[in-house]
Structures are given as C-alpha cells and as structure tokens.
Amino acid sequence: MSENEHADPRIEIEVFGPGPETIDEVSQAVLDHPLVREQLGEARHRLLSVRLLEPTVGGKHEELTPPDRYRATIYDYTNNRVVLATGGLDDIRGSMEVSEAGHQPLPNREEFDEAVEVLLEDGDLGPAIRGRRLAPYRPMPPLVETELPDGRAERTLAVGLLPRERGARHEIVGANMVHRTVSRFREGAPEGALAAAATCGLPNANQAATPRGVAGQFQVTIPGADGSPLWSFLVIRPSASSGTNASGVEFQNVRYRGKLVLFQAHAPILNVQYDGNACGPFRDWLFEESWLQADGTDVAPGIRRSQTPAQTILASGTDSGNFRGVAIYRQRQETVVVSELQAGWYRYVSQWRFHDNGTIRPRFGFSAVQNACVCNVHHHHVYWRFDFDIGTAENNVVREFNSPPIFPPDNWHTHNFEATRRRRPDLSRRWQVRNSQTGDAYNLIPGPEDGVADDFGRADVWILRFNEGEVDDGISAAPSQTEPSQPNAPADIGRFNNGEAIRNQDVVVWYAAHFTHDVHEEEVGHIVGPVLRPAQW
Ligand SMILES: [Cu+2]
C-alpha cells in the first residue's frame with residue numbers, strides 16, 4: 001500500500017456567508033429602530049429570534065448565494081402579539097419594514113427562564129423551586145394554548161417541575177407571560193402532556209441550547225490522494241437550517257469527485273406519536289443545538305474539527321457536553337458531520353457520513369432526558385428530503401427494484417409519475433436516481449432498522465417533481481391556536497404528490513424512517529437511516 005492510502009485526507013473548511021456577528025448587528029438595529037420603537041411603545045417585549053433568509057431568486061443556480069435578508073421576531077407581551085421586522089442585509093436600518101402577527105412562535109431558552117421567574121413569584125411554587133424541592137425543565141408541548149372567548153390564546157409557556165424531594169409532586173404548569181400568572185391543571189399537566197410520578201430518560205444537564213437563527217454555513221472540501229476533490233459540500237448548522245421547523249444539519253451542493261449528487265439534503269419533518277396517545281402527538285423542531293463532546297479546534301463559530309469521534313448522548317450516555325454546533329471528524333474512511341438537537345425533553349442526533357467511496361449515510365438517532373412521557377411506547381418518524389441532481393437538475397430518472405419483479409421479467413421499473421411508496425424488505429425494494437444522459441446513478445437503499453409506516457407515519461418514500469417552495473409541509477411545531485391540540489402533527493408530504501410527470505425531470509425523493517421506542521427494552525438500535533450508494537459514477 002502506498003503512503004497516500006494510509007494518509008488521512010485533510011478536511012478543508014471555509015466560512016460561507018454571514019456569521020453570528022451579523023445576527024448581533026441585526027438584533028441591535030431592530031431594537032433601536034424608530035419604527036420598532038413606535039410599534040412597541042412602552043410594551044414589555046422580548047426579541048425571540050433573528051433569522052437570515054436565502055435570496056428569493058427563482059430556480060436553481062450553480063453558484064450558491066449566501067443569505068441576504070433578515071427576519072426578527074419580537075413578542076409583545078403587553079399586547080399579546082408578534083412584532084416582525086424584516087429587511088435586507090445590505091441596508092439593515094434603511095430597508096426595515098415592521099408588521100404585526102397573531103401566531104405563537106416557539107419559545108427560546110431566555111423566554112423559558114423568564115417563565116421560571118413567573119413561577120418564582122407564585123406563593124406555592126416559588127418557595128418549592130427556590131428550596132430545590134422542584135426542578136424546572138422544558139416540557140412538551142412547549143406552549144399551553146388555553147383558548148380565550150375570541151379564539152386567541154395568551155402567550156403561556158409550559159414549565160415542567162420535577163420533584164427532587166420526597167413529598168414533592170411532578171407537575172407541568174403554565175406561565176402566562178402576559179399577566180405573569182401561573183395556571184395549574186387538574187391532571188397535573190396540560191392537554192397532550194403528562195406529569196406522572198414515574199419518569200424515564202437520562203438526567204437533564206440543563207445546558208442552554210442554541211436558539212434559532214444563529215448564522216453558520218461552511219464550505220467543506222475533502223481532497224483525494226491526487227489532490228482533486230473527493231467530496232465537496234456546503235454545511236448549514238441546524239440553527240440556521242431551512243424549513244418551517246428547521247431541518248437538522250443541512251447540506252447543499254453535494255459533489256462527489258466533482259460531480260453533483262444532491263442540490264440539497266436535510267430532514268425537515270420530525271414527529272412522535274405515543275401508543276394510546278399517552279402524550280402528544282408532537283411535531284418537533286430541528287434547530288436547537290444541544291451539547292455533545294467534541295475535542296478539537298473551532299474552525300469557525302459553531303463548527304469544530306474534532307480529532308476523535310464526537311460523542312453524542314447516544315455514545316456517551318450523558319446529556320452534558322463541551323460543544324454545541326456541528327462537529328466534523330474522520331472515522332476510518334468516512335468523513336462524519338454530526339450535531340445533537342433538542343426539543344423539550346427529546347434529544348436527537350443528526351449525523352451524515354460521507355465515505356471516500358462515494359457512499360452517503362444519513363443518520364438520525366433518538367434519546368431523551370428525564371420526563372414521564374417517554375416511559376410509554378412511542379414511535380418517532382423522521383423524514384429526509386433528498387433533492388437529487390445527479391449531474392444536472394434535469395434529466396433525472398427514478399427507478400425502483402423489486403425481487404421477484406412486479407413487472408416481469410425486469411426487476412427494475414421506471415417511475416414516470418410522482419409516487420408514494422412503501423418499503424418492502426421481502427422484495428428487497430430499493431430505488432435509483434439516474435441521469436439519463438450520462439448513466440451516472442445513485443441507489444437509495446433502505447436501512448434495516450427503518451421500519452414501515454403506520455397510519456400516523458403515512459408512507460416510506462415519496463418520489464416527487466422538484467417544485468419551488470416545497471421544502472416541507474408548512475406545519476409548525478408550535479401548537480395551532482385555532483384547532484384542537486396538535487391535530488397537525490402527522491406529516492403531509494402527500495399533498496405534493498399530484499401526479500406530475502417526473503421522467504427526465506428534476507426530482508426530489510423524501511425518505512421516512514420509523515423508530516419504535518420502548519425504553520423498557522433498551523439498547524436496540526436508536527439510529528436509523530438509509531444508504532445512498534453510487535451505482536455508476
Ligand atoms: Cu423516544
């Protein structure tokens with residue numbers, strides 16, 4: 001073996017687009033701006049998030065363009081409404097437009113801390129929290145939506161209280177942020193939540209997660225032995241990832257040996273359903289970066305080159321860590337990109353493995369910190385969106401393999417139209433996306449632990465035509481204000497399947513994995529995901 005085959009490839013990382021300092025700049029400009037000040041007056045308010053948005057240019061472009069706009073979300077507690085400030089980054093102050101809205105954005109960590117302060121003012125709960133008989137934690141759902149006569153809800157954050165002493169009782173309460181009052185529930189928890197005495201999950205480290213919108217995009221290049229690029233892709237940290245509820249670690253412009261494989265790849269939909277609806281169902285968000293253990297060097301804010309494999313909660317068995325963001329490391333012949341996410345008590349692992357031989361392994365892992373819900377059997381569903389552009393956006397063809405064949409004698413048949421599919425391990429069913437001009441192709445091979453959809457999971461694979469704006473089903477992880485609790489949690493990717501022709505078009509494949517979590521039968525799997533393997537390259 002030559003020297004080169006032993007040498008570990010370098011990983012070159014370059015910052016792309018604005019960083020966290022831009023968020024600080026926008027935050028300052030928004031809170032100081034006369035238009036915002038006029039809207040808010042003397043109102044008690046909080047800046048919940050600042051997001052940078054991609055340019056609104058139609059169609060796909062070879063050259064990726066960094067975010068050029070911002071949207072700041074402020075909650076006005078005095079008037080129980082959202083104040084939005086939007087504008088362009090080239091003239092933050094001059095371009096600012098201000099509007100109001102009535103929806104309930106997800107809370108961030110600072111707002112949760114303020115909700116705990118509201119509890120501290122309560123004559124009963126305050127002394128118990130101060131005396132450490134009750135320990136506050138972030139529960140699911142994150143918001144309590146008690147409907148007012150006019151159909152709206154006052155901003156009320158859910159706060160979990162775990163007993164730390166005999167005699168104290170587990171409870172999930174509501175902190176009304178408008179009146180700074182506490183609401184308590186007959187069952188000890190609001191609808192959809194559970195505050196039973198028995199709890200499951202790892203001890204909660206309570207380290208603050210990254211809020212939504214912290215900028216961070218990185219161009220990664222892995223040169224091969226001869227110096228030409230083996231892999232190149234743009235990584236977007238979960239906090240800045242796209243989608244209604246974000247999408248974990250996101251990739252754009254993924255190239256293997258210089259040729260385009262994926263225009264975009266991420267996991268924009270994640271939800272969980274409990275047997276007998278013991279809790280939830282919940283739609284989860286994928287932007288809050290939780291803490292993992294990664295030892296190495298920070299290449300840029302939010303990205304760490306780790307010399308050894310980063311340890312997530314699934315590997316270390318502990319919720320604590322020394323880093324939040326995206327860790328990147330080499331393991332055997334793979335370049336691994338990983339981040340840990342949190343939503344309430346859930347902990348998720350968003351991991352992508354790029355093998356030197358062209359294989360991509362998107363992975364998703366499931367864990368939780370102490371709570372009462374996860375003691376009940378539940379089903380996690382994760383939906384990856386693979387915007388394949390094999391060589392080009394156009395001229396992509398999706399084929400499916402079955403053995404025995406469903407259209408004999410050929411094992412493969414072509415999907416001429418959009419389709420919703422089930423996994424069939426008994427038929428070794430798999431899919432292929434192929435460029436009809438060059439013959440280059442990638443296979444999509446289901447993972448052995450990926451399960452089969454139940455009614456809630458809807459389906460396993462959706463083969464769709466690329467259409468602008470179809471990044472996810474648009475259903476927010478914040479409970480709806482007007483509907484009964486969480487009716488919208490199931491994925492609605494099916495609405496994109498309207499029978500469009502897809503042969504020789506630009507295609508998108510959604511792939512779902514379904515993981516049944518029974519904490520009483522621990523240490524099976526916890527990690528799901530398919531294999532994307534070059535068939536011809
Ligand atoms: Cu679980």
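Without any contact (Cβ under 8 Å) to a residue 40 or more places away in the chain, part of a loop (DSSP other than H, G, I, E, B), outside the structural domain of Ser232 (by TED's automatic domain parsing) and closer than 30 Å to Ala393 by Cβ: does that describe Pro66? For Pro66, the condition - without any contact (Cβ under 8 Å) to a residue 40 or more places away in the chain, part of a loop (DSSP other than H, G, I, E, B), outside the structural domain of Ser232 (by TED's automatic domain parsing) and closer than 30 Å to Ala393 by Cβ - is not met. Do we have Thr73 as modelled with pLDDT of 90 or more, crowded, with 19+ Cβ neighbours inside 10 Å and in contact with a strand residue (DSSP E or B) (Cβ under 6 Å, 6 or more places away or on another chain) here? Criteria met by Thr73. The set of residues in segment 87-112 that are surrounded by 13 or more Cβ atoms within 10 Å (Cβ to Cβ) and free of Cβ contacts under 8 Å to residues at least 24 places away in the same chain comprises Gly87, Gly88, Ser95. The combined condition, being touching a Pro at 6+ places or on another chain (Cβ under 9 Å), at pLDDT 95 or above and assigned to a loop (DSSP other than H, G, I, E, B), is fulfilled by Asp450.
With the requirement that a residue be small (Gly, Ala, Ser) and in a loop (DSSP other than H, G, I, E, B), what does segment 86-140 give you? Explain how you work it out, then say what you get.
Taking segment 86-140 first, the residues small (Gly, Ala, Ser) are 87-88, 94-95, 99, 101-102, 115, 123, 126, 128, 131, 135.
Hits for segment 86-140 are Gly94, Ser95, Gly102, Gly123, Gly131.
Could we say that Gly258 is within 16 Å of the ligand (Cβ to nearest atom) and surrounded by fewer than 24 Cβ atoms within 10 Å (Cβ to Cβ) here? Criteria not met by Gly258. Filtered by the rule that a residue be hydrophobic (A, V, I, L, M, F, W, C) and part of a loop (DSSP other than H, G, I, E, B), segment 199-255 gives Ala205, Ala208, Ala209, Val214, Ala215, Ala225, Ala246, Val249. Looking for something buried (at least 18 other Cβ atoms within 10 Å of the Cβ), modelled with pLDDT of 95 or more, assigned to a loop (DSSP other than H, G, I, E, B) and within 16 Å of the ligand (Cβ to nearest atom) - is there at least one such residue anywhere in segment 293-309? No, because not a single residue in segment 293-309 is buried (at least 18 other Cβ atoms within 10 Å of the Cβ), modelled with pLDDT of 95 or more, assigned to a loop (DSSP other than H, G, I, E, B) and within 16 Å of the ligand (Cβ to nearest atom). Tell me, please, whether a residue that is in a strand (DSSP E or B), within 30 Å of Gly160 (Cα to Cα) and either more than 16 Å from the ligand (Cβ to nearest atom) or of a type outside the set (S, T, N, Q) (or both) can be found in segment 415-427. The answer is no; no qualifying residue exists.
Might you let me know whether segment 388-407 holds any residue that is buried (at least 17 other Cβ atoms within 10 Å of the Cβ), among the hydrophobic types (A, V, I, L, M, F, W, C) and within 16 Å of the ligand (Cβ to nearest atom)? No, the conditions are met nowhere in segment 388-407.
Check segment 148-158 and report whether any residue there is touching a strand residue (DSSP E or B) at 6+ places or on another chain (Cβ under 8 Å) and surrounded by fewer than 19 Cβ atoms within 10 Å (Cβ to Cβ). Before you say what the answer is, go through the steps one by one.
Applying the first criterion (touching a strand residue (DSSP E or B) at 6+ places or on another chain (Cβ under 8 Å)) to segment 148-158 yields 153-158.
Adding the requirement that they be surrounded by fewer than 19 Cβ atoms within 10 Å (Cβ to Cβ) leaves none.
Looking through segment 148-158, none of the residues is touching a strand residue (DSSP E or B) at 6+ places or on another chain (Cβ under 8 Å) and surrounded by fewer than 19 Cβ atoms within 10 Å (Cβ to Cβ).
Tallying residues that are touching a residue at least 60 places away in the same chain (Cβ under 8 Å), of a type in the set (Lys, Arg) and on the phi < 0 side of the Ramachandran plot within segment 220-271 yields 2. For segment 266-277, the criterion of a residue being farther than 20 Å from Gly321 by Cα, part of a strand (DSSP E or B) and among the small types (Gly, Ala, Ser) is satisfied by at least one position.
Taking segment 172-181 as the range and being within 16 Å of Tyr137 (Cβ to Cβ) and out of contact with any Phe, Trp or Tyr (no Cβ under 8 Å at 6 or more places or on another chain) as the test, only Ala175 passes.
The set of residues in segment 326-366 being of a type in the set (Gly, Ala, Ser) and crowded, with 23+ Cβ neighbours inside 10 Å consists of Ala327, Ser339, Ala343, Gly344, Ser350, Gly365.
How do the pairs read when you match residues in segment 373-384 that are crowded, with 23+ Cβ neighbours inside 10 Å with residues anywhere that are charged (D, E, K, R), using Cβ under 7 Å and keeping only pairs 6 or more apart or on different chains? From residues that are crowded, with 23+ Cβ neighbours inside 10 Å, the pairs are His378/Asp275.
With respect to Ala368, is the statement that it is touching a helix residue (DSSP H, G or I) at 6+ places or on another chain (Cβ under 6 Å) and among the small types (Gly, Ala, Ser) true? Don't jump to the end; show me each part of the working.
Values: touching a helix residue (DSSP H, G or I) at 6+ places or on another chain (Cβ under 6 Å): yes; among the small types (Gly, Ala, Ser): yes.
Taking the combined requirement at face value, the residue satisfies it.
Every residue, every condition in (1) at pLDDT 90 or above; (2) surrounded by 18 or more Cβ atoms within 10 Å (Cβ to Cβ); (3) within 16 Å of the ligand (Cβ to nearest atom), yes or no:
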position: Asn498; (1), (2), (3): yes, no, no
position: Ile502; (1), (2), (3): yes, yes, no
position: Val508; (1), (2), (3): yes, yes, no
position: Val524; (1), (2), (3): no, no, yes
position: Pro530; (1), (2), (3): yes, yes, no
position: Arg533; (1), (2), (3): yes, yes, no
position: Trp537; (1), (2), (3): yes, no, no
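Here Gly317 fulfils each of the conditions (1) within 16 Å of the ligand (Cβ to nearest atom); (2) within 23 Å of Asn245 (Cα to Cα); (3) out of contact with any helix residue (DSSP H, G or I) (no Cβ under 8 Å at 6 or more places or on another chain) apart from (2).
Residues in segment 349-386 that are within 16 Å of the ligand (Cβ to nearest atom) and either outside the structural domain of Gly276 (by TED's automatic domain parsing) or over 20 Å from the mean Cα position of the chain (by Cα) (or both): Gln370, Asn371, Ala372, Cys373, Cys375, Asn376, Val377.
The values are calculated or read from the model by the stated rules, or taken from the named source; none is laboratory data. A quick note: this is a predicted structure, and the numbers were derived from the prediction, not measured. A quick note on method: Cβ atoms are made from the backbone with ideal geometry, for glycine too, and the neighbour counts reach across all protein chains shown.
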